[in-house]
1. Restricting attention to region 86-104, does a residue exist that is part of a helix (DSSP H, G or I) and closer than 17 Å to I165 by Cα?
2. Only one of these conditions is not met by A7: (1) surrounded by 23 or more Cβ atoms within 10 Å (Cβ to Cβ); (2) at pLDDT below 90. Which number is it?
3. What number of residues within region 98-109 satisfy the criterion of being at pLDDT below 80 and either out of contact with any helix residue (DSSP H, G or I) (no Cβ under 7 Å at 6 or more places or on another chain) or closer than 19 Å to I266 by Cα (or both)?
4. Considering only residues of region 105-120 that are out of contact with any Gly (no Cβ under 7 Å at 6 or more places or on another chain) and not in a helix (DSSP H, G or I), which is farthest from L164 (Cα to Cα)?
5. Please note which helices (runs of 4 or more DSSP H) are completely contained in region 199-251 and include at least 3 residues that are at pLDDT 80 or above.
6. Just the residues that are in contact (Cβ under 8 Å) with a residue 60 or more places away in the chain and either within 19 Å of W263 (Cα to Cα) or surrounded by fewer than 24 Cβ atoms within 10 Å (Cβ to Cβ) (or both), please, taken from region 91-100.
7. Among the residues of region 5-63 satisfying the criterion of being of a type in the set (S, T, N, Q) and either more than 16 Å from W226 (Cβ to Cβ) or assigned to a loop (DSSP other than H, G, I, E, B) (or both), which is farthest from the chain's Cα centre (by Cα)?
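The values are calculated or read from the model by the stated rules, or taken from the named source; none is laboratory data. Treat the numbers as computed from the prediction; the structure is a model and nothing was measured. Methodologically, a virtual Cβ is constructed for each residue, glycine included, from the backbone with ideal geometry; neighbour enumeration extends over all protein chains shown.
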Amino acid sequence: MNKWLFAFLVVLTTSLMGSAFTIGKIGLAYATPIMLVALRFLLAGVLMAIIVKCLRIPYPKHVSVWLKIALIGFFQTAAVMGCIFVSLRTITAGQSSILTFTNPLLVVLFGTLFMKMTYSWRQWLGVILGFIGVLITLGAQVDLRIGTLYGFLSAISWAIGTLLIKKWGTQINTWVLTAYQMLFGGLILFVGSFLLEDPSFQITPISIAILVWLALMASIVQFAVWFYLLQKGDPGKTSAFLFLAPFFGVLTGWLLLDESISWNVILGGVCIFIGIFLVNWTARLRMEREAIHHDAKL
């Protein structure tokens, strides 16, 4: 792929990931958090399901596979996005995005504890540095707000969803999984909205524009570009660019919401970005060494 096209697509998808926190926070003026994110993923899931149907992509034939998709939808969409949007009530979009994007660090930790995965010392260094970054980021907040807890829970849920996708993803077509995990996640969130909050959504031109943007640009377009990059390039190298997403979350929060950026957020964010990069960059080096070793054997 042309390097300039690659760079443009990387900036596009990570800016959509990060700015979704800011746009979502703006949307909370018109809707309750769980209802807003439920409508976002119901709309995105339905549209992607229609696309999958039009492309005649085969569906899973066994109920067990659909249950796996639903479970992934619970962790990857319902729990992650529900926690993010609830967190935005009490913390800034920048802080929420930084906390959420610690998930690659948690993937290493959970993968070691529960799936017997092995990682290099550089990846563990990345994990330690990342958690130090989280502590620095939150250092100025002696009284941890409830939004901070939800930010951490979103990262934990995303890490669990990532490991489930790693475990079961090979059994399911990528586009079917993407479409229906969003749809199942949206349905779970819709029910959860009536159980956990007094749901509301004000229908105005601005609220509709926010909902459409979140569903189309921040969900369908963002997923499509990200999967395209993963398919066309080295997954380990591409994943290293995820550290740009919280940067865009902080940047758009500052530009659109006039959120202040304190020294601890900047320093902690830098530590987290380096930690995430170490985790993913080391994975890329290992894949390259394995490929060289494989070629040598041939």
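1. Filtering region 86-104 for residues part of a helix (DSSP H, G or I) gives 86-87, 93-100, 103-104.
Of the ones still in play, those that are also closer than 17 Å to I165 by Cα are 103-104.
So far as region 86-104 goes, yes, one or more of its residues are part of a helix (DSSP H, G or I) and closer than 17 Å to I165 by Cα.
2. (1)
3. First, pick out the residues of region 98-109 that are at pLDDT below 80: 98, 101-105, 107-108.
Remaining after also requiring either out of contact with any helix residue (DSSP H, G or I) (no Cβ under 7 Å at 6 or more places or on another chain) or closer than 19 Å to I266 by Cα (or both): 98, 101-103, 105.
Residues that pass the stated criteria total 5.
4. Within region 105-120, the first condition is being out of contact with any Gly (no Cβ under 7 Å at 6 or more places or on another chain), and the residues that meet it are 106-116, 118-120.
Those left that are additionally not in a helix (DSSP H, G or I): 115-116, 118-120.
Details: M115: 10, K116: 14, T118: 17, Y119: 18, S120: 22 Å.
So the residue we want is S120.
5. 205-215, 222-232
6. Just the residues of region 91-100 that are in contact (Cβ under 8 Å) with a residue 60 or more places away in the chain, to begin with: 91-98, 100.
Within region 91-100, I91, T92, A93, G94, Q95, S96, S97, I98 meet the criteria.
7. Step one: list which residues in region 5-63 are of a type in the set (S, T, N, Q), which gives 13-15, 19, 22, 32.
Filter again for either more than 16 Å from W226 (Cβ to Cβ) or assigned to a loop (DSSP other than H, G, I, E, B) (or both), leaving 22, 32.
Working: T22: 14, T32: 21 Å.
Step by step, filter region 5-63, then rank; the result is T32.
Residue-by-condition table, conditions (1) among the β-branched types (V, I, T); (2) on the phi > 0 side of the Ramachandran plot; (3) in contact (Cβ under 8 Å) with a residue 24 or more places away in the chain; (4) in contact with a helix residue (DSSP H, G or I) (Cβ under 7 Å, 6 or more places away or on another chain):
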position	(1), (2), (3), (4)
L5	no, no, no, no
V10	yes, no, yes, yes
T13	yes, no, yes, yes
S19	no, no, yes, yes
T22	yes, no, yes, yes
K25	no, no, yes, yes
A31	no, no, yes, yes
I34	yes, no, yes, yes
R40	no, no, yes, yes
